[in-house]
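Novice: Please see the structure below; I have some questions.
Quick note: the coordinates plus some simple rules give every number you see, no bench work behind them. Predicted model only: the values in this text are computed from it and were never measured. Heads up, the Cβs are rebuilt from the backbone with ideal geometry, glycines too, and the neighbour counts pull from every protein chain shown.
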Amino acid sequence: MSVYDKYEVVIGLEVHCQLLTDSKIFSSAPTTFGAAPNTQVCEVDLGLPGALPVLNKQAVEFAIRAGLALGCEIRPTSQFARKNYFYPDLPKGYQISQHVHPICEHGSLTVELESLSRRVRVMRIHMEEDAGKSSHLEGKPVSLVDLNRAGVPLIEIVSEPDLRSSDEAVAYLKELHSIVVYLGVCDGNMEEGSFRCDANVSVRLHGQAELGTRAELKNINSFKFIKDAINYEVRRQIDLIEAGQKIVQETRLYNPNKGVTFSMRSKEESHDYRYFPEPDLPLLVIDSAWLERVRAAMPELPAKKRARFVEAYDLGAHDAEVLCASAPVADYFEAAIEGYAKNPKVLANWVINELLREVSGDQTIDTVPVRPPQLARLVELIDTGVLSGKLAKQVFEAMVESGQEADAIVEEKGLVQVSDEGAITQIIDEIFEQNPGQVSAFREGKTTLIGWFVGQVMKQSRGKANPQIVNDLLRAKLEGQ
Amino acid sequence: MEISREQVLHIARLARLRLGEDEVAGFQKDLNSILGYVDKLRELDTTGVEPTTHAVPIDGVLREDVADQRLSPDAILGNAPQKQEGYFRVPKVVED
C-alpha cells in the first residue's frame, strides 16, 4: 500500500458562471465580450460618486433557474452585501455580492461515475458582480486595467466538501457545466472565463472526522487543468504531512506549463472583507408567482434527457451521455428521429461517430451541412439495403462536402448497392478462376480465407456488392461442393 | 467592548490610511465612544425583531435587461491619472 492510500482527499468547489444577460448586473452598460478596452462601461461600473446600482431582473431569473436545476430552496427574501478589498480592477473598493442571505441554498447535484454515484450537496448559489481585468506588462512596473468586465453578472455555485477525488471533481464540473449551458444562463466558455472554478483541497487520514487544513486553488480554466492541479496538490499536502510539516491555509495558483501549484503571495489581512449589507440596494424579494413562472419555463435537464433517451430510443448509457452532453446535439438527434424513427441506435451511431467529427472550430452542429432530415434519409437508405455501411460513409462525406441530399449523391455517383445475386455470382466465379490455390486451401480447411474472398469481391465491385449476400453466396459455393 | 491600538492600526491598514501617532490615539478614543453608544443600544431586548438593513422599506426595484447606457472612452478615462492605449495605467499589482 502506498503512503498516499492512507489519506482521504476532500474537495469542495466554487464555480463562477457569467450570466448571459445583455446588460450588467447593476447597470445598463453592455456585457459584450472582446470589445476594445473600457468601452462597455458606465458611471456605475466606474464607481463614480453618486452613481447607484439597480439590479437586473434577467440576472435574478437566471440565478433562480440555476437554483431550481440544482434542487435549491429559493429564498423569498435575499440580500446583497459589500465585500471590501482594494484592487485596481475593482473601482468602488468593494464588490457587491451576497453574504448571509444568498438567493439559493441547500441544493444538490448527483454525479455518476463508472463505479459510483455521488450526491454532492450545493451549499449556496449567490449573485455578484465580476471585477475588471488587469494585465501585467512583462518587465514593466505597471498594470493595465480594462473595466469592460466590471459589473458583468455572476453566480457563484458553492458545493459542500463532498467530493473525494479529482475524477469526481471533474465529473461534477462537467455535469454543472452541461446544466448551466442547457439552462441558457451561461455560455460555458472556459477559455474566455465565463465558467471558472476554484477548488478547496485538503487531505485527512481515512476515518478521521475533522477536515484537514485546506488550500484554495484559484481560477483554473480547463477540466484537464483542474484534474492535474488537484492531483498535484494532494501529493504535495501528503508529502508535507508525511515529512512532519504543517499545511498552511492559503490561496494557490496552478501553473499548467510546469504542472505545479504555487502559493499566491498575499498579505494576511487580505481575507478581512468586512462584509456588511449593501445600503444602496433594497432586499431582493421573489414572490411565489415569479418563482412559479420561472419553474414552468425550465427546460429538460441533461440527467432527465439521458434517462429518456435510454428509455425511449433503447440507447446505451454511453451513447445517451454523448448525445445529451450538449442540448443542440440532443435536439439534432431528435429532429433526425422525426425524419426516420425505425432505427434510433444506428442514427445515434451516425451522429456520434460521423457527424460530431465534422463539428469543430467554426463548424457547429447547427451549421454542419448535413441537416437532421438528410441524415435520417441516409440511415433509411442503409436500413433498406440500398447502401452498405461503407458506401453510406462515402455518401456522407459527399453530403458534408456539397450539402446535397443522399439520394442525389447515390444517383450521381452510381453508388447503389448491388444486391443482384447473378451479378455477384459472376464476380465470384471470376475470382475463383483466377485464384484456384485459395479455393482449394479453403476447402482443405483454411476457412479463415473467407475474409480474403469477401475482400476480393468487394474490391471487384468497387465496394458496391451487398456484403451479406456476398458472404452467403461465397459460403454456399465454397462449402457446397 | 474596547478597541485596542492594534485594532485601530489594522483598520487603518485595511483602509490604506497612514495615521500619525496622535491620530491613532484620537481614533481609538473616537471609535470607542461610537462603540460605547452601540453598547447602549444593546441594552434593548430585540428578541424576535428582524434586523433592519434599510431605513426605507422598499423592494421590487429591478431593471429590465436593456443595454443602452455607456460613457464615451474620453469620459471613462477622463479622470484617470495615467492611461495607455485605452487602459487605465496603474502601479503593477503583483500576484505571482
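Novice: How many nm separate the modelled label positions at A:Lys6 and A:Asn349, each set 7 Å beyond the Cα in the direction of the Cβ?
Specialist: Simple spin-label model gives 5.2 nm for this pair.
Novice: Looking at segment A:391-465 from every direction and averaging, what is the projected area of its Cα convex hull in nm²?
Specialist: It is 5.7 nm².
Novice: From other protein chains only, count the Cβ atoms within 10 Å of every residue's Cβ in A:43-52, then give the mean.
Specialist: Numbers: counts 5, 1, 4, 6, 0, 4, 0, 0, 0, 0.
Counting Cβ atoms of other protein chains within 10 Å of each residue's Cβ and averaging gives 2.
Novice: Tell me, in nm to one decimal, what length is gained between A:Glu210 and A:Ser115 on full extension, where the rule is 0.36 nm per residue of separation less the Cα-Cα distance?
Specialist: Values: separation 95, 0.36 × 95 = 34.20 nm, distance 2.62 nm.
Here the answer is 31.6 nm.
Novice: Here's something else I'd like to know. Reachable lysines from A:Lys83, Cα under 25 Å, same-chain residues fewer than 8 places away excluded?
Specialist: Partners found: A:Lys24, A:Lys57, A:Lys92, A:Lys133, A:Lys218, A:Lys267, B:Lys92.
Novice: Residues with amide H under 5 Å of A:Tyr94's amide H, sequence separation 5 or more or different chain, H placed in the peptide plane at 1.01 Å from N; which?
Specialist: A:Tyr85
Novice: Could you please rank A:Ile220, A:Ile382, placing first whichever residue has the fewest other Cβ atoms within 10 Å of its Cβ?
Specialist: Numbers: A:Ile220 23, A:Ile382 20.
Fewest-to-most ranking of A:Ile220, A:Ile382: A:Ile382, A:Ile220.
Novice: Then there's this: Can you give me the long-range amide H partners of A:Val111? Hydrogens built in the peptide plane at 1.01 Å from N, cutoff under 5 Å, separation of 5 or more residues or another chain.
Specialist: Result for A:Val111 returns A:Arg118, A:Arg119, A:Val120.
Novice: Then there is this: Which value in deg cm²/dmol, rounded to the nearest 500, describes the helix-derived mean residue ellipticity at 222 nm for chain A, given -39,500 (n - 2.57) per DSSP H run of n ≥ 4 and division by the residue count? Present the calculation step by step, with values, prior to reporting the outcome.
Specialist: Values: 16 runs with 183 residues, N = 481.
Value at 222 nm, helices only, nearest 500: -11500 deg cm²/dmol.
Novice: Binning at 5 Å from 0, report for segment A:302-413 what percent of all alpha-carbon pair distances ends up in each bin.
Specialist: All Cα pairs considered, the percentages come to 2, 13, 25, 24, 19, 11, 5, 1, 0.
Novice: Obtain the nm distance between the two label points defined at A:Arg475 and B:Leu19 by a simple spin-label model: each point lies 7 Å from its Cα along the Cα-to-C-beta direction.
Specialist: Modelled inter-label distance: 9.4 nm.
Novice: Sequence neighbours fewer than 8 away in the same chain don't count; with that in mind, list the lysines whose C-alpha is under 16 Å from A:Lys304.
Specialist: Filter leaves A:Lys174.
Novice: Mark the label point 7 Å from the Cα of B:Val49 along Cα→Cβ and return the residues of segment A:72-91 whose backbone N is within less than 14 Å of it.
Specialist: none
Novice: Per residue of B:76-85, how many C-beta atoms from partner chains lie within 10 Å of its own C-beta, taken as a mean?
Specialist: Taking the mean over all residues of the peptide, I get 3.
Novice: A further question on this structure: Enumerate by residue number the trypsin sites (Lys or Arg not before Pro) in segment A:150-201 meeting two conditions: DSSP loop (anything except H, G, I, E, B), and at most 15 other Cβ atoms within 10 Å of the site's Cβ. Provide the component values of the computation, followed by the final result.
Specialist: Details: sites: A:Arg164, A:Lys174, A:Arg196; in loops: A:Arg164.
Counting only loop positions with at most 15 other Cβ atoms within 10 Å, the trypsin sites (Lys or Arg not before Pro) in segment A:150-201 are A:Arg164.
Novice: Same structure again: Taking each pair of distinct Cα atoms in chain B once, what is the resulting Kirkwood hydrodynamic radius in Å? Display every interim value, and only then the final one.
Specialist: Details: mean 1/r = 0.0516 Å⁻¹.
Taking every pair of different Cα atoms in chain B, averaging 1/r and inverting gives 19.4 Å.
Novice: Relative contact order (percent) for chain A, with alpha-carbon contacts under 8 angstrom and 6 or more residues of separation? Don't skip to the answer; put the middle values down first.
Specialist: Numbers: 817 pairs, mean separation 64.9, N = 481.
Here the relative contact order equals 13 percent.
Novice: Continuing with this model, one more query. Return the Rg/Rh value of segment A:237-336, two decimal places, where both radii are evaluated on C-alpha atoms and Rh is the Kirkwood radius. Before the final figure, lay out each step's value.
Specialist: Details: Rg = 24.4 Å, Rh = 20.0 Å.
Reported Rg/Rh (Cα atoms, Kirkwood Rh): 1.22.
Novice: What list do you get for A:Ser28, B:Ser72 if you sort them by fewest beta carbons within 10 Å?
Specialist: Fewest to most other Cβ atoms nearby, the residues stand as B:Ser72, A:Ser28.
Novice: What full-extension length gain, to one decimal in nm, is calculated for A:Asp287 and A:Glu430 as 0.36 nm per residue of separation minus the Cα-Cα distance?
Specialist: Working: separation 143, 0.36 × 143 = 51.48 nm, distance 8.18 nm.
Extra length from A:Asp287 to A:Glu430 when fully extended: 43.3 nm.
Novice: Sticking with this one: Which GluC sites (Glu not before Pro) in segment B:1-92 sit in a loop by DSSP (not H, G, I, E or B) and have at most 12 other Cβ atoms within 10 Å of their own Cβ? Intermediate values should be presented prior to the final figure.
Specialist: Details: sites: B:Glu2, B:Glu6, B:Glu21, B:Glu23, B:Glu43, B:Glu64, B:Glu85; in loops: B:Glu2, B:Glu43, B:Glu64, B:Glu85.
Loop-located and lightly packed - B:Glu2, B:Glu43, B:Glu64, B:Glu85.
Novice: Here is a further query. Mind checking the mean number of beta-carbon atoms from other chains within 10 Å of the Cβ atoms in A:396-407?
Specialist: On the way: counts 0, 0, 0, 0, 0, 0, 0, 0, 0, 0, 0, 0.
Other-chain Cβ atoms within 10 Å of each residue's Cβ, averaged: 0.
Novice: A:Lys246 to B:Ser33: FRET efficiency via 1/(1 + (r/R0)^6), r the Cβ-Cβ distance, R0 35 Å, to the nearest 0.05?
Specialist: Using R0 = 35 Å, I get an efficiency of 0.25.
Novice: Report the paramagnetic label zone for A:Ala423: residues of segment A:365-385 whose backbone N is under 18 Å from a point 7 Å from Cα along the Cα-to-Cβ axis.
Specialist: Counting backbone N atoms under 18 Å from the label point, the list is A:381-385.
Novice: Then there is this: Modelled label-to-label distance, A:Arg308 and B:Leu41, 7 Å Cα→beta-carbon offset: nm?
Specialist: Using points 7 Å along Cα→Cβ, the separation is 5.3 nm.
Novice: Helix B:21-41: angle to the longest alpha-carbon principal axis of chain B, degrees 0 to 90, nearest 10?
Specialist: 60
Novice: While we're on this one: Kindly provide the chymotrypsin sites (Phe, Trp or Tyr not before Pro) of segment A:68-145 that DSSP labels as loop, not H, G, I, E or B, and whose Cβ sees at most 14 other Cβ atoms within 10 Å.
Specialist: On the way: sites: A:Phe80, A:Tyr85, A:Phe86, A:Tyr94; in loops: A:Phe80, A:Tyr85, A:Phe86.
Sparse-neighbourhood loop chymotrypsin sites (Phe, Trp or Tyr not before Pro): A:Phe86.
Novice: If you plug each phi of segment B:52-59 into the Karplus form 6.51 cos²θ - 1.76 cosθ + 1.60 with θ = phi - 60°, what whole-Hz ³J(HN,Hα) values come out, in order, with x for Gly and Pro?
Specialist: The phi angles translate into 8, 10, 9, 6, 9, x, 10, 8 Hz.
Novice: Not counting the cut sites, what is the longest span of chain A without GluC sites (Glu not before Pro) that DSSP labels loop and that have at most 14 other Cβ atoms within 10 Å? Mind showing how you got there, number by number?
Specialist: Values: sites that count: A:Glu114, A:Glu138, A:Glu191, A:Glu192, A:Glu210, A:Glu300, A:Glu444.
Here the longest segment lacking exposed loop sites spans A:301-443.
Novice: Which of the lysines could be linked to A:Lys459 by a straight reach, that is with a Cα gap under 29 Å, when you skip same-chain ones fewer than 8 residues away?
Specialist: A:Lys345, A:Lys390, A:Lys393, A:Lys413, A:Lys446, A:Lys477
Novice: Moving on. What Cys residues in chain A are without a partner cysteine, judged by a Cβ distance under 4.7 Å?
Specialist: Taking the Cβ cut-off of 4.7 Å, the unpaired cysteines of chain A are A:Cys42, A:Cys197, A:Cys324.
Novice: I'd like the FRET efficiency for A:Val54 and A:Phe276, computed as 1/(1 + (r/R0)^6) with the beta carbon distance as r and R0 of 25 Å, rounded to 0.05. Walk me through the numbers on the way to the answer.
Specialist: Values: r = 20 Å, r/R0 = 0.79.
Working from the Cβ atoms, E equals 0.80.
Novice: What is the percent of Cα-Cα separations in the protein assembly as shown that go past 32 Å?
Specialist: On the way: 103072 of 166176 pairs.
In whole percent, the share of Cα-Cα pairs in the protein assembly as shown beyond 32 Å is 62.
Novice: Now, a different point. Would you compute, for the Cα atoms of segment A:153-282, the largest minus smallest coordinate along each principal axis and list the three values in descending order, in whole Å?
Specialist: 49, 36, 33
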